[in-house]
Amino acid sequence: MSRKPSVLITGASGEIGHALIARLAAADPDRPIVTLDLNPLPPESAALVRQAVNGSILDTSLLDGILAQYEVDRVFHLAALLSTRSEFSPALAHKVNVEGTLNLLEFAQKQGESHGRPVAFFYPSSIAAFGLPDRTVKAKAGKVKEDDYNVPTTMYGANKLYCEHLGRYYARHYKQLAAELVSGKVDFRCVRFPGLISAETVPSGGTSDYAPEMIHAAASGQPYACFVRPDTRIPFMTMPDAVDSIFRLMGAPRARLTRTVYNIGAFAPSAAEIQTVVHAAFPRTEITTHVDEKRQGIVDSWPADVDDSAARADWGHNPAHGFASAFGEYLIPSIKKRYA
Ligand code: AKB
């Protein structure tokens, strides 16, 4: 049992979890980290956590056990089925992405109530929460604001958009008709991530995966067939900048936050532009295009770029990497070392 303020990370063995655990442990080595994931943590992450619980976010007995054992004051709820994977199993995606999030919000609410102060809750939403009707509208829309085009076309996007609303409910309106004021409302904070690219890990089950897949394939000497058209454009961000944005948002004074959900962006290259830099770094690699019309349709419904002025103004979102430095200073040198 630990009565020290502790952190709970769900979906911790995924890409963001991997980077977040390292950063949290470095920033505050005394704060216990508890993780919950169906898959075991990689050894380098496992070495940094107090307890790695193996199991599902749908299993409320596991959450009750964590509630009894720890005083969790921060939740990073990363567990989700991504967009491509969700289209193959929509009902399962809804269960994991929506019921799972509800379980975690209930957990945070109970935890906050028992300690008399709100639990800080980070929720990663996605550009998939947007749904632009077609490519012509996408081309004209420019940098899309948070409240525009909230008509997602995927199960994952619908789940993310709905869970943004659930989070706002737990933060502002929870049991609004209860006779007594309910203490410990959840301090829910959310960003809509663009596609993320890490030098350390390769994603699986997403539709923005073509960019990280292309660079990791090239570095490991594998040919790569890109599944979207060369002119396809969506926003991307490096994993270190994504984790930095989580830290900035979670560290911001509540009073500075004018929104529950924030767009964040960094750079927005076309698939052809990504292919050009990857090819320049790994000239012997064969990169071709084999468009998967169905996955293309999903990416075409996502914005070409996002307006993240609210995140910049409210909590100082300021990614270190633009397109050139993301590839030139972070991705290519680190990935070359990794596959050397
Ligand atoms: C996906 O492609 O599903 C994710 C996302 C953009 O949220 N990477």
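The values are calculated or read from the model by the stated rules, or taken from the named source; none is laboratory data. The shown structure was predicted, so the numbers you read here are calculated from the model rather than taken from an experiment. Here the Cβ is made from the backbone with ideal geometry for all residues, glycine too, and neighbour counts use every protein chain on show.
Can ARG259 be described as away from the ligand (no atom under 15 Å from the Cβ), of a type outside the set (A, V, I, L, M, F, W, C), assigned to a loop (DSSP other than H, G, I, E, B) and at pLDDT 95 or above? Can you show your working first?
Values: away from the ligand (no atom under 15 Å from the Cβ): yes; of a type outside the set (A, V, I, L, M, F, W, C): yes; assigned to a loop (DSSP other than H, G, I, E, B): yes; at pLDDT 95 or above: yes.
Yes: the conditions hold for ARG259.
Do we find a residue being in contact with a His (Cβ under 7 Å, 6 or more places away or on another chain) and in the same structural domain as SER301 (by TED's automatic domain parsing) anywhere in region 202-218?
yes
Yes/no per residue for (1) within 16 Å of the ligand (Cβ to nearest atom); (2) farther than 22 Å from ALA79 by Cβ; (3) outside the structural domain of GLU15 (by TED's automatic domain parsing); (4) among the aliphatic types (A, V, I, L, M):
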residue	(1), (2), (3), (4)
PRO118	no, no, no, no
PRO133	no, yes, no, no
VAL137	no, yes, no, yes
MET155	yes, no, no, yes
ALA179	no, yes, no, yes
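Give the residues of region 236-256 that are in a strand (DSSP E or B) and under 16 Å from SER126 (Cβ atoms), sorted by residue number.
The initial filter retains those residues of region 236-256 that are in a strand (DSSP E or B), namely 236-238.
Scanning region 236-256 gives PHE236, MET237.
Out of the residues in region 207-235 that are under 20 Å from the mean Cα position of the chain (by Cα) and assigned to a loop (DSSP other than H, G, I, E, B), state the one that is surrounded by the fewest Cβ atoms within 10 Å (Cβ to Cβ).
Of everything passing the filter in region 207-235, ASP209 is surrounded by the fewest Cβ atoms within 10 Å (Cβ to Cβ).
Which of the residues belonging to region 77-97 are under 26 Å from TYR210 (Cα atoms) and away from the ligand (no atom under 13 Å from the Cβ)?
HIS77, ALA79, SER89, PRO90, ALA91, LEU92, HIS94, VAL96
Can ASP37 be described as of a type in the set (Asp, Glu) and under 30 Å from LYS294 (Cα atoms)?
Spelling it out, ASP37 is indeed of a type in the set (Asp, Glu) and under 30 Å from LYS294 (Cα atoms).
Inspect region 275-289 for any residue being surrounded by fewer than 19 Cβ atoms within 10 Å (Cβ to Cβ), touching a residue at least 40 places away in the same chain (Cβ under 8 Å) and in a loop (DSSP other than H, G, I, E, B) and give the result as yes or no.
yes
In region 169-190, is there at least one residue being farther than 13 Å from VAL261 by Cβ, part of a strand (DSSP E or B) and touching a Pro at 6+ places or on another chain (Cβ under 8 Å)?
First pass over region 169-190, keeping only residues farther than 13 Å from VAL261 by Cβ: 170, 173-187.
After this cut, where a residue has to be part of a strand (DSSP E or B) as well, the list is 187.
Now narrow it down to the ones that are touching a Pro at 6+ places or on another chain (Cβ under 8 Å): 187.
Yes, because at least one residue in region 169-190 is farther than 13 Å from VAL261 by Cβ, part of a strand (DSSP E or B) and touching a Pro at 6+ places or on another chain (Cβ under 8 Å).
Could you check region 194-251 and list, in sequence order, the residues that are within 15 Å of the ligand (Cβ to nearest atom), charged (D, E, K, R) and farther than 16 Å from VAL299 by Cα?
ASP241
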